[in-house]
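Reading through the structure tokens given below for one structure.
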Amino acid sequence: SVNDETGSGPAVASPNHGGRAPAYLGRARFDWLIVGAGFAGAVLAERLARDLGKRVLLIDRRPHIGGNAYDHLNDDGLLIHRYGPHIFHTNSAPVADYLSRFTDWRPYEHRVLAQVDGLLVPIPINRNTVNRLYGLNLDEAGVEAFLKSKAEPVETVRSSEDVVVGAVGRELYEKFFRGYTRKQWGLDPSELDKSVTARVPTRTNDDDRYFADRFQMMPLHGYTRMFENMLDHPNITIALNTDYRTVAREVRHDRLIFTGPVDEYFDFRFGKLPYRSLRFRHETVKQEWFQPVGVVNYPAEDVAHTRITEYKHLTGQSHARTALTYEYPSAEGDPYYPVPKPENAALYRQYQALADSTPNVHFVGRLATYRYYNMDQVVGQALSLYSRLAEAEGGTRAA
Ligand code: FAD
Ligand code: UDP
């Protein structure tokens with residue numbers, strides 16, 4: 001292996017080939033070329049190779065596998081996530097079972113506090129949030145009545161503003177959601193689909209978990225190790241630092257799975273699909289702990305970052321120091337988030353129609369299907385594409 005960061009694992013070629021496919025790839029023949037070694041690409045590589053015996057070339061233009069879920073030890077030996085905090089949660093037993101073939105788990109329930117009015121209070125808004133912010137001592141029924149008295153329901157909930165104002169009223173909306181959303185997306189919540197802020201529920205009880213899913217856990221040895229185990233198969237060849245453009249014509253393959261941005265695949269034919277980016281500032285501080293929970297959100301607009309992550313809460317690692325990541329939203333940079341709003345959905349539909357009519361190419365994952373998907377949803381999407389592919393092969397195999 002020539003990839004230091006992923007350690008011992010699958011055979012990984014990390015060629016420095018100056019924009020051309022390395023010669024050995026040109027000599028080989030592959031059943032499938034898979035572009036992108038994140039969840040979408042890795043699940044399909046694993047299934048096609050292990051279950052159907054296909055020869056797969058998996059490429060990524062980054063120097064590592066794992067896509068945005070990539071984690072690694074930093075210079076201080078602390079396990080961090082290069083692209084921001086990734087917490088695994090799902091209601092899908094098949095998805096959890098599938099990934100459990102490649103990793104053991106550490107139970108972890110994610111908790112988030114928001115800095116509002118100089119206090120650190122639970123987000124999602126719950127009973128404690130209301131009582132602490134307003135100096136009250138309401139029970140559940142009391143909080144329900146309080147929020148109902150504040151809420152300004154709209155007839156048709158369309159935007160990310162409507163969702164929150166309709167549930168908790170304008171004041172709490174402005175304290176917790178308006179500034180955070182404007183920073184994160186560069187858009188006012190009134191311009192974003194309701195699905196964005198609807199990711200965060202409102203509660204009247206004391207449940208302070210960020211997610212309510214049945215399964216909530218972290219891969220015991222990290223995401224990268226889990227990906228290494230998935231991809232450790234003789235039929236899978238991995239080429240890192242390798243862009244699709246450099247190998248498209250030179251590597252012989254029958255079929256293609258593309259998990260990068262769909263507009264890029266089609267040379268931006270209908271124009272650029274907006275993706276939101278982030279800049280991450282990673283740092284280690286020389287103290288054992290920095291903040292009481294894994295993530296603290298900063299909704300105030302006069303603070304540049306949206307949130308700070310302290311990984312030891314997520315990973316369970318013991319260490320005298322602690323590693324943090326600050327997130328600064330940005331229009332420029334790697335595409336991380338599709339931007340859910342009606343015009344973008346319409347533009348995506350044009351690309352989707354083109355994708356659907358492109359033979360022998362399948363588009364899957366968060367960037368290629370322009371969906372604000374969590375990891376488990378991408379795994380589910382990839383497994384269901386796999387089922388269709390396997391069925392078309394005439395087999396009766398299931399994932
Ligand atoms: P990606 O992980 O983006 O992988 C696509 C890969 O394709 C990339 O590695 C890219 O380099 C490669 N690629 C693209 N184009 C090309 C090309 N032309 N040639 C070669 N390679 C190419 N989900 C959760 O479930 N829980 C969380 O807590 C969570 N937190 C998140 C926090 C942040 C800051 C972000 C950005 C996302 C978070 N997610 C979370 C979502 C999660 O990252 C995605 O659901 C998942 O990683 C998507 O997998 P994917 O394979 O579709 O895409
Ligand atoms: N959000 C907010 N304030 C918060 C948390 C979330 O306004 O304290 C909004 C914001 O628009 C954010 C969206 O809800 O982009 C979804 O939040 P989530 O934590 O799911 O975002 P992700 O982890 O995907 O970045």
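Being under 20 Å from residue 256 (Cα atoms), open to solvent by less than 10 Å² (accessible area, probe 1.4 Å) and of a type in the set (A, V, I, L, M), is that true of even one residue in the range 65-73?
Looking for residues that are under 20 Å from residue 256 (Cα atoms), open to solvent by less than 10 Å² (accessible area, probe 1.4 Å) and of a type in the set (A, V, I, L, M), one finds at least one in the range 65-73, hence yes.
Would you mind stating whether residue 285 is within 30 Å of residue 321 (Cα to Cα) and in contact (Cβ under 8 Å) with a residue 24 or more places away in the chain? Full working, then the answer.
Values: within 30 Å of residue 321 (Cα to Cα): yes; in contact (Cβ under 8 Å) with a residue 24 or more places away in the chain: yes.
Against the criterion (within 30 Å of residue 321 (Cα to Cα) and in contact (Cβ under 8 Å) with a residue 24 or more places away in the chain), residue 285 qualifies.
Determine, yes or no, whether residue 133 is more than 29 Å from residue 280 (Cβ to Cβ), open to solvent by less than 10 Å² (accessible area, probe 1.4 Å) and either in a helix (DSSP H, G or I) or touching a helix residue (DSSP H, G or I) at 6+ places or on another chain (Cβ under 9 Å) (or both).
Working: more than 29 Å from residue 280 (Cβ to Cβ): yes; open to solvent by less than 10 Å² (accessible area, probe 1.4 Å): no; either in a helix (DSSP H, G or I) or touching a helix residue (DSSP H, G or I) at 6+ places or on another chain (Cβ under 9 Å) (or both): yes.
No, not satisfied.
For the range 196-213, how many residues meet the condition of being within 16 Å of ligand 1 (Cβ to nearest atom) and either over 14 Å from residue 177 (Cβ atoms) or modelled with pLDDT under 95 (or both)?
5
Which of the following residues is within 16 Å of ligand 2 (Cβ to nearest atom), in a loop (DSSP other than H, G, I, E, B) and of a type outside the set (A, V, I, L, M, F, W, C): 242, 181, 202, 156?
Values: 242 fails: within 16 Å of ligand 2 (Cβ to nearest atom); 181 fails: in a loop (DSSP other than H, G, I, E, B); 156 fails: within 16 Å of ligand 2 (Cβ to nearest atom).
Testing whether each residue is within 16 Å of ligand 2 (Cβ to nearest atom), in a loop (DSSP other than H, G, I, E, B) and of a type outside the set (A, V, I, L, M, F, W, C) leaves just 202.
Condition (residue is in a helix (DSSP H, G or I) and either open to solvent by less than 30 Å² (accessible area, probe 1.4 Å) or away from ligand 2 (no atom under 15 Å from the Cβ) (or both)) applied to the range 100-120: is it met by at least one residue?
Let us first name the residues in the range 100-120 that are in a helix (DSSP H, G or I), namely 100.
Filter once more, so that each one left must be either open to solvent by less than 30 Å² (accessible area, probe 1.4 Å) or away from ligand 2 (no atom under 15 Å from the Cβ) (or both): 100.
Scanning the range 100-120 turns up at least one residue that is in a helix (DSSP H, G or I) and either open to solvent by less than 30 Å² (accessible area, probe 1.4 Å) or away from ligand 2 (no atom under 15 Å from the Cβ) (or both).
When residue 212 is evaluated against the numbered criteria (1) in a strand (DSSP E or B); (2) among the aliphatic types (A, V, I, L, M); (3) open to solvent by 60 Å² or more (accessible area, probe 1.4 Å), which criterion, by number, is the only one it fails?
Failed condition: (1).
The values are calculated or read from the model by the stated rules, or taken from the named source; none is laboratory data. Remember, predicted model here, so these are calculated numbers, not experimental data. All Cβ positions, even for glycine, are placed from backbone atoms using ideal geometry, and neighbour counts span all protein chains on display. Remember, those area values only see protein heavy atoms, side chains included, never the ligands or the DNA or RNA. Shrake-Rupley method; radii C 1.70, N 1.55, O 1.52, S 1.80 Å.
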